[in-house]
Structures are given as structure tokens and as C-alpha cells.
Amino acid sequence: MRKTGRFLTTAAAIAGGLLLTAAPAEAAPYWQSVSTSSNWSCARTVVHTAKAGVGFQACTVRNHNNDAQVVLVVVNNSTSAVNISGIVDSDFGDGSCGSYSLAVGERRGCFGPTSTVPSCPFGAGVPDDAVTYHNGTVRLTVNGVVNSMESPETQCVYG
């Protein structure tokens, strides 16, 4: 009986460990720390109408493998914490981040899903007027008031 109990405990521990390590990484629905790089293209920062000192911007992040995502970035330069939530609607997928208390001086991002940038339908050198760019809209709620903006566009992949 003693060996059977130890075996079941060990098996349960291994199975639990596999469940924890097998889960896919996912940014949404949580507010994440933000560190921008040359892969980021961001709209200008706009002050939210609900609170002076709270700025937000929409960014498009594209990596060297032609995967991209839209990110809502928020910074609190006001004199008090604010309650925020966010939505990302984009050609790469939709996401949302729940309620979060953004402290004074804090900067966070709500990341939409990452997806492969689509190929251009007509190839290099041929105008792709209707489908050349991909982007999204971000919506930031501060203390119950919603403001939105468009993200920068990213070109389709010529290949």
C-alpha cells in the first residue's frame, strides 16, 4: 500500500508539471510591461479625455518573420492611480485586457494576438490598393470613459 501511494503522488506531480509547462504563452487578457524596440511602429501619444496626464497610443509590432500584432500602450503621468481596461480589434485578431489599477508613473500594454502578415495578392510592382495594409483599432477605458485610435498600418508581404 505504501508504494502504491508514493507512486500515485509521483504520477500526480509529474502530470501537474506537464500541464503547467504545456500551456501556450498568451499575452491577453493581462496588462503587461512594455519595452519597445525598432520592431514597434506607434501612433503619437494622446491624452485620454477622462484624466489629464494619462496618455495612450496604438502600436503595431512586426518581427523579422513577418508576424505582427497590435498593442494598446498606456502611461499614467497624472497625480493619482486610474482604473483602466482595454480592447484591441485588429486584422491580426482581437483581444482585451480587464480592469487594472494603473499606478502613477506606470506604463503597461494590452497585447492583441500575433498572426502572420498576409501575402500581397498581386505581387511586387503591382498596385494592391484594396489590401496592401493591415492595422487595427484600440479602445482604452479610463474611469469608465472610452477613447479610441487607429494603429499604424503595416504592409502585406511581397513574396
Matching residues, segment 30-53, being open to solvent by 50 Å² or more (accessible area, probe 1.4 Å) and either in contact with a helix residue (DSSP H, G or I) (Cβ under 8 Å, 6 or more places away or on another chain) or not in a loop (DSSP other than H, G, I, E, B) (or both): GLN32, SER33, SER41, CYS42, VAL47
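Are any residues in segment 70-84 open to solvent by 30 Å² or more (accessible area, probe 1.4 Å) and either modelled with pLDDT under 95 or under 16 Å from VAL46 (Cα atoms) (or both), and if so, which ones?
Within segment 70-84, the subset open to solvent by 30 Å² or more (accessible area, probe 1.4 Å) is 75, 77, 79-81, 83.
Result: VAL75, ASN77.
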Hey, VAL117 open to solvent by less than 20 Å² (accessible area, probe 1.4 Å), within 17 Å of GLU153 (Cα to Cα) and touching a Lys or Arg at 6+ places or on another chain (Cβ under 8 Å) or not: yes
Failed criterion for ALA27 (all others in (1) open to solvent by less than 60 Å² (accessible area, probe 1.4 Å); (2) hydrophobic (A, V, I, L, M, F, W, C); (3) at pLDDT 55 or above hold): (3)
Neighbours by Cβ (under 6 Å, 6+ apart or cross-chain): first from segment 137-159, open to solvent by less than 20 Å² (accessible area, probe 1.4 Å); second among the aromatic types (Phe, Trp, Tyr) and at pLDDT 95 or above: LEU140/PHE56
ASP67 vs. criteria of a type outside the set (Val, Ile, Thr) and surrounded by 15 or more Cβ atoms within 10 Å (Cβ to Cβ): no
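The values are calculated or read from the model by the stated rules, or taken from the named source; none is laboratory data. Small disclaimer: the values here were computed from a predicted structure and weren't measured. Neighbour counts run over all protein chains shown; Cβ positions are idealised from the backbone, glycine included. The accessibility values were calculated without ligands, DNA or RNA, using every heavy atom of the protein model including side chains. Shrake-Rupley method; radii C 1.70, N 1.55, O 1.52, S 1.80 Å.
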